[in-house]
Every structure is written in structure tokens, then in C-alpha cells.
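Here the structure comes first, spelled out in C-alpha cells, and everything after it is commentary.
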Amino acid sequence: MEPYRVLVCLDVLRLEKPSRRDRDLILAFLERLAGNPHAQGDYEEQDEVGRTVQIKVLGGYALSYWADHAVREVKVVKVELADRR
């Protein structure tokens with residue numbers, strides 16, 4: 001089966017230079033999402049339209065994403081510093 005496309009928001013390009021480890025974790029996870037768009041995050045939230053958005057913490061960052069199965073894409077809609085409580 002053809003992998004999904006993974007679309008990433010501009011937040012990724014605006015990250016202050018992440019450590020090599022964080023960068024490698026993020027890239028590896030994005031590559032895995034293409035083959036497994038059903039991957040569960042560490043948390044989930046509802047967005048403004050009621051869609052379930054998965055949140056995955058990778059190193060010092062949290063990625064928010066959801067799978068659009070109709071068009072075979074995973075949309076990474078937010079990347080931010082992870083809450084380190």
C-alpha cells in the first residue's frame with residue numbers, strides 16, 4: 001500500500017535550531033507517520049472543529065497531527081516546545 005504524504009506546518013521551519021537528537025527524533029517520527037497514519041500520540045485533544053488531534057512529544061518538542069484518510073495525508077498542524085513539568 002502506498003504511504004501517506006506527511007504535510008508539515010511552517011512552525012517546523014521556525015523552530016530555533018533544535019539539537020541534533022531532537023531533529024533526528026522528529027524526522028524519524030514523521031517518516032514513520034507516512035507508513036502508519038493511525039499512530040497514536042502521547043495525548044489527544046479536540047481542535048476547533050471537533051476533530052481529534054494527536055500530540056506526540058519528541059525530545060523537547062510536541063507535534064500535533066491528524067490523519068486525513070480521504071486524501072491519504074497526515075497533517076502536522078503545530079510544533080511547539082514541550083511542556084516540561
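Do we find a residue being part of a helix (DSSP H, G or I) and surrounded by fewer than 14 Cβ atoms within 10 Å (Cβ to Cβ) anywhere in segment 2-20? Outline the logic, then answer.
First, the residues of segment 2-20 that are part of a helix (DSSP H, G or I): 10-12, 20.
Cutting the leftovers down to surrounded by fewer than 14 Cβ atoms within 10 Å (Cβ to Cβ) gives us 10, 20.
Yes, segment 2-20 contains at least one residue that is part of a helix (DSSP H, G or I) and surrounded by fewer than 14 Cβ atoms within 10 Å (Cβ to Cβ).
With respect to ALA28, determine if the residue is surrounded by 15 or more Cβ atoms within 10 Å (Cβ to Cβ), at negative phi and outside any strand (DSSP E or B).
No: the conditions fail for ALA28.
Looking at GLU48, GLU44, can you tell me which residue is loosely packed, with under 11 Cβ neighbours inside 10 Å and more than 9 Å from the chain's Cα centre (by Cα)?
Of the residues listed, the single one that is loosely packed, with under 11 Cβ neighbours inside 10 Å and more than 9 Å from the chain's Cα centre (by Cα) is GLU48.
List pairs: first in segment 32-45 and over 10 Å from VAL74 (Cβ atoms), second surrounded by 13 or more Cβ atoms within 10 Å (Cβ to Cβ) and of a type in the set (Val, Ile, Thr), Cβ under 6 Å, 6+ apart or cross-chain?
GLY41/ILE55; ASP42/VAL57; TYR43/ILE55; GLU45/VAL53
Quick one: in segment 51-70, which of the residues that are closer than 12 Å to VAL6 by Cβ and of a type in the set (A, V, I, L, M) is nearest to the chain's Cα centre (by Cα)?
LEU63
Looking at segment 6-31, which of its residues are out of contact with any helix residue (DSSP H, G or I) (no Cβ under 6 Å at 6 or more places or on another chain) and within 11 Å of VAL76 (Cβ to Cβ)?
LEU7, VAL8, CYS9, LEU10, ASP11, VAL12, ILE26, PHE29, LEU30
Taking the condition among the small types (Gly, Ala, Ser) and within 20 Å of ASP83 (Cα to Cα), does GLY50 pass?
Answer is no for this residue.
What residue, of ALA39, ALA70, is surrounded by 13 or more Cβ atoms within 10 Å (Cβ to Cβ), assigned to a loop (DSSP other than H, G, I, E, B) and out of contact with any Asp or Glu (no Cβ under 9 Å at 6 or more places or on another chain)? Full working, then the answer.
Numbers: ALA70 fails: surrounded by 13 or more Cβ atoms within 10 Å (Cβ to Cβ).
Answer to the check: ALA39.
Every number in this text was worked out from the coordinates using simple rules, so none of it is lab data. Predicted model only: the values in this text are computed from it and were never measured. Reconstructed Cβ throughout: ideal geometry from the backbone, glycine too, with neighbour counts over all protein chains shown.
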